[in-house]
Structures are given as C-alpha cells and as structure tokens.
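Note sheet for the following structure.
The values are calculated or read from the model by the stated rules, or taken from the named source; none is laboratory data. Since we're looking at a predicted model, the values are computed, not measured. Glycine also receives a Cβ, built like all others from the backbone with ideal geometry; neighbour counts cover every protein chain displayed.
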Amino acid sequence: MRTMTLADLDAVLTVEQVVQAYPWTRGNFSDALSCGYLCFVDELAGEVRGYAVLMPGVGEAELLTIGVALAHQRKGLGRLMLAELLRLAAEKQLSRVFLEVRASNRAAIALYLRAGFAQIGLRRGYYRNAAGSEDALVMACDNFSGEKNG
C-alpha cells in the first residue's frame, strides 16, 4: 500500500462505485485527504486494486472505509490491507481501531473477526439500503499482533 493522492481519486472512485451500495463521493475522499486522515491505495502495475481510509484520533482510530476491486476480491488482498492498517496503528501507538460494518455484510464481518476485531455495539438503522435502513455492527480491535488463529 502507498499513500493516496488526489491523482488517485478517479481510480478509487471507479472501485468505490462498483463495490459499495452507497459509495463515497469525490468530496468525501478529497476531504479525508485534506483533513490528514491516513488514506491509502493498493496499486500494482498502475492499477488501483483497493483503498482504505483510517481516521486517527487521540490514541485511537476509526476505519472509515476499505474497498477491494471486484477482480481482486476473495484473494486475500482485503486481509493484507487490513493487517497493514493495524500495523500502522500500532506504529502510531494507537490503542484501538474502531469500525462500523453493515450487519448484512457477512464476508466483511468474517474478515474483521479473523483480524482480531470484536463486536462492541450496534447502531440501529445506521446504513441506508433498499428497504430503508439496516443496522451497523460496531467493532473494535485492541490486538495488533496479527490475525487470530482458528
């Protein structure tokens, strides 16, 4: 992974619009960059395969978004990107990383559980969906030593 730049936004938005039901806008990503959030892309041979935005706070961070291009899903790239984000959080001496995930997103929930996240809360009706809204699981990881076994 490398640091995202404004020049990456077209490629990031192309991935975002395919993989997210309610995608971030160019403004969301440019605001994250200008606010100093930790914004990354995974790029290989000039192709942006994934992206992530981590918002650091005092001693903690929130994973705001992570996405992997469809052609690269289910190949371990999301797991590697998440592991790198947790490594960076440890390097910056952050004690916890939070995130919200759609309750219906079983693949992402499984990924987060394998990475050491645990559910710590629930936000009812947090995400828009075709039926109106759905709940978000609030998850946190305090263990940055790597993926859990089992």
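Check whether at least one residue in the range 25-40 is basic (Lys, Arg), touching a residue at least 40 places away in the same chain (Cβ under 8 Å) and out of contact with any strand residue (DSSP E or B) (no Cβ under 8 Å at 6 or more places or on another chain), and report yes or no. No. Filtering the range 80-107 down to residues that are more than 15 Å from Phe40 (Cβ to Cβ) and basic (Lys, Arg), which residue is surrounded by the fewest Cβ atoms within 10 Å (Cβ to Cβ)? Restricting to residues being more than 15 Å from Phe40 (Cβ to Cβ) and basic (Lys, Arg), the top hit is Arg106. Any residue in the range 34-55 that is in a loop (DSSP other than H, G, I, E, B), among the aromatic types (Phe, Trp, Tyr), at pLDDT 95 or above and farther than 28 Å from Ala131 by Cα? Taking every residue of the range 34-55 in turn, at least one turns out to be in a loop (DSSP other than H, G, I, E, B), among the aromatic types (Phe, Trp, Tyr), at pLDDT 95 or above and farther than 28 Å from Ala131 by Cα. Of the residues making up the range 85-103, those that are farther than 18 Å from Ala118 by Cα and in contact (Cβ under 8 Å) with a residue 40 or more places away in the chain number 1. Checking every residue in the range 58-78 against the condition of being over 16 Å from Val15 (Cα atoms), crowded, with 19+ Cβ neighbours inside 10 Å, touching a residue at least 40 places away in the same chain (Cβ under 8 Å) and among the aliphatic types (A, V, I, L, M) gives zero matches.
Scanning the range 59-108 for residues that are charged (D, E, K, R), under 17 Å from Cys39 (Cβ atoms) and not in a strand (DSSP E or B) yields Glu84, Arg87, Glu91, Lys92.
One residue stands out among those in the range 121-135 that are free of Cβ contacts under 8 Å to residues at least 24 places away in the same chain and assigned to a strand (DSSP E or B): the one that is farthest from Ala21 (Cα to Cα), which is Gly121.
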